[in-house]
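Taking it in order: structure first as structure tokens, then the write-up.
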Amino acid sequence: MTKKSKDTSRRIVNRKAEHNYHILESLEAGLILTGSEVKSLRAGTAQLTDAFVRLTGDSATIYGLQIDRYPPATDRNHDPNRHRRLLLHRREIQRLGLRLAQAGTTLIPLAVYFNDRGLAKVQLGLAVGKKQYDKRQALKKRDHQREIDRATHRR
């Protein structure tokens, strides 16, 4: 009997993160989920737009990650907005705590996905918020690059 292939292509991405933050560094963390949450994530019904991570003591928790209810799991369904613990090594949490103590830094989820072994993972980004003019400059730069690409493509 052959092994069932894992679908690693399903990836929920926080598209607003690149627009609103300068990403300084990224890391991967495990995610503690219930059964219906896993099924719902595999179906791709999650939102990361308002999510953030808070460190408390020696644990990390993700807030605002909305995983929609899984309809077939009637009586054993989960709360879509519950706080979920992240699996990080103690040293990683301590190092992140020191970095987060600096003014203006925050820890945000960039993507949620399943790795090769089928485990739910979160890609976290240590970030600093962008100012309004930084966002405008990034938009101008992207539009300018798009125009250049169009001009070279026509030739």
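The set of residues in segment 76-105 that are touching a helix residue (DSSP H, G or I) at 6+ places or on another chain (Cβ under 7 Å) and under 19 Å from S26 (Cβ atoms) contains only T105. For segment 132-155, filtering for residues that are closer than 30 Å to L55 by Cα and surrounded by 10 or more Cβ atoms within 10 Å (Cβ to Cβ) leaves 2.
Scanning segment 92-119 for residues that are part of a helix (DSSP H, G or I) and more than 16 Å from T61 (Cα to Cα) yields L98, R99.
Checked against (1) surrounded by fewer than 18 Cβ atoms within 10 Å (Cβ to Cβ); (2) in a loop (DSSP other than H, G, I, E, B); (3) touching a helix residue (DSSP H, G or I) at 6+ places or on another chain (Cβ under 8 Å); (4) of a type outside the set (K, R), G44 meets all criteria but (3). Restricting to segment 73-127, name every residue that is loosely packed, with under 12 Cβ neighbours inside 10 Å and among the charged types (D, E, K, R). Result: D75, R76, D79, R90, R91, D116, R117.
Picking from residues in segment 120-148 that are of a type in the set (A, V, I, L, M) and assigned to a helix (DSSP H, G or I), the one that is farthest from V38 (Cα to Cα) is I148.
Read the figures in this text as sums done on the coordinates, not as results from a lab. Please read all numbers here as calculations on a predicted model, not as lab measurements. Cβ: placed from backbone, ideal geometry, glycine included. Neighbour counts: every protein chain shown.
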